[in-house]
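All remarks here apply to the structure that follows.
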Amino acid sequence: MKKWGWILCLLLAACSSGHGTSAPVGTPSPGIGGSVEATVTGTIDGDTIQVSVGSRKETVRMILVDTPETKKPGLQEPQPFGKEAAAFTKKLLTGKTVLLERDVSAKDTYGRSLYYVWLDGKMVNRLLLEEGLARVAVFPPDVKYVEDFRSIAAKAQAEGKGIWSLENYVSDRGFRGLPSGSLSPQSSGGQRRK
């Protein structure tokens with residue numbers, strides 16, 4: 001009886017190793033810390049892209065970064081620097097082959113795949129921070145590069161780049177609404193508010 005118990009345990013472990021997800025045969029689906037190549041088929045906004053991994057289509061949310069919204073339900077107009085972040089990601093990635101690096105979590109609460117996105121040896125998540133187009137957004141357990149990202153964001157903030165050029169715009173919970181008549185990237189030329 002013990003023999004059948006072990007066999008049953010092994011079968012259950014093998015069946016549950018995919019965590020409820022399945023990929024077509026021959027399409028890698030990386031586990032913790034794994035990576036997979038994908039082709040970027042489109043962008044949703046600055047931190048969310050659409051990819052093809054073999055024959056599988058996925059929506060990918062970049063880990064540890066948050067760009068201003070452009071298409072959020074209830075949002076009357078894009079948040080400041082949302083269009084710039086979306087245009088940056090679209091120009092950089094559309095049609096390109098990227099490497100997707102997993103941290104710990106496979107999906108977010110919206111069902112999007114979570115990855116660090118690499119293009120030609122450069123991490124796109126990091127580039128968004130360097131350009132001042134994103135803030136660091138921490139959702140444990142996905143924290144592999146958090147300290148590095150915080151120092152990059154601090155440098156962009158000190159230089160008053162992008163989102164950091166608008167006084168009190170960035171918070172630890174996202175982006176604050178600006179009062180009517182406040183400077184926007186379009187009206188301010190990206191100048192820092194005094």
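The values are calculated or read from the model by the stated rules, or taken from the named source; none is laboratory data. On a predicted model such as this, the values are computed, not experimentally measured, just so you know. Heads up, the Cβs are rebuilt from the backbone with ideal geometry, glycines too, and the neighbour counts pull from every protein chain shown. Each accessible area value is taken on the protein alone, full model and side chains, heavy atoms only, with ligands, DNA and RNA left out. Shrake-Rupley method; radii C 1.70, N 1.55, O 1.52, S 1.80 Å.
Numbers for the structure displayed
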| quantity | calculated |
| --- | --- |
| Relative contact order (percent, whole number), segment 42-121, Cα cutoff 8 Å, 6+ residue spacing | 32 |
| Efficiency of FRET between Val138 and Ser55 - r from beta-carbon atoms, R0 35 angstrom, step 0.05 | 0.55 |
| Mean Cβ neighbour count within 10 Å, used as a protection proxy, ranking 132-139, 52-59 highest first | 132-139, 52-59 |
| Cα-Cα separations in segment 88-152 greater than 19 Å, expressed as whole percent | 34 |
| Restricting segment 95-162 to chymotrypsin sites (Phe, Trp or Tyr not before Pro) in coil, as DSSP defines it, with at most 13 other Cβ within 10 Å | Tyr110 |
| Accessible heavy-atom area order of Thr97, Thr89, Thr109, Thr43, highest first, probe of 1.4 Å | Thr109, Thr97, Thr43, Thr89 |
| Net charge dipole size for segment 108-148 [Lys, Arg +1 and Asp, Glu -1 on Cβ; Debye, nearest 20] | 100 |
| Cβ-derived FRET efficiency at R0 22 Å, Glu37 paired with Lys91, nearest 0.05 | 0.60 |
| Relative contact order (percent, whole number), segment 78-146, Cα cutoff 8 Å, 6+ residue spacing | 29 |
